[in-house]
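Here is the structure we will look at, set down as structure tokens.
Just so it is clear, none of the values below were taken in a lab; they were calculated from the coordinates. Everything numeric in this text was worked out from a predicted model, so none of it was measured. Using ideal geometry, Cβ is built from the backbone for each residue, glycine included, and neighbour counts are taken over all protein chains shown.
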Amino acid sequence: MIVPSPGLQRAVSQTRKDMCQMRVVVEKEGKEGVMLENVTRLDVIEQGVAVATLFEGSREIVGAVLRRIDFLGGKVYLSLG
């Protein structure tokens, strides 16, 4: 049986943990601002986007536009307008 080193086990564990945590981010003047954390669902709706989080429930962000998703970084980028 092959047993990975403790360092490798920690790295894999941290990667798995980080991959589950999505954040909704808004870019403004070249800087990122985190709007929501622990996002579990995002729906594009007619009025903007609807976002559900693990701890805060769901809410609609009227006028928001989905710009891009960084799956490795765990970020969903929106623009507001």
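Enumerate the calculated ³J(HN,Hα) couplings along region 25-30 in order (Karplus 6.51 cos²θ - 1.76 cosθ + 1.60, θ = phi - 60°), each rounded to whole Hz, writing x wherever the residue is Gly or Pro.
10, 10, 9, 9, 6, x
Sticking with the crude label model, points 7 Å out along Cα→Cβ, report the distance from Lys31 to Phe55 in nm, one decimal please.
2.4
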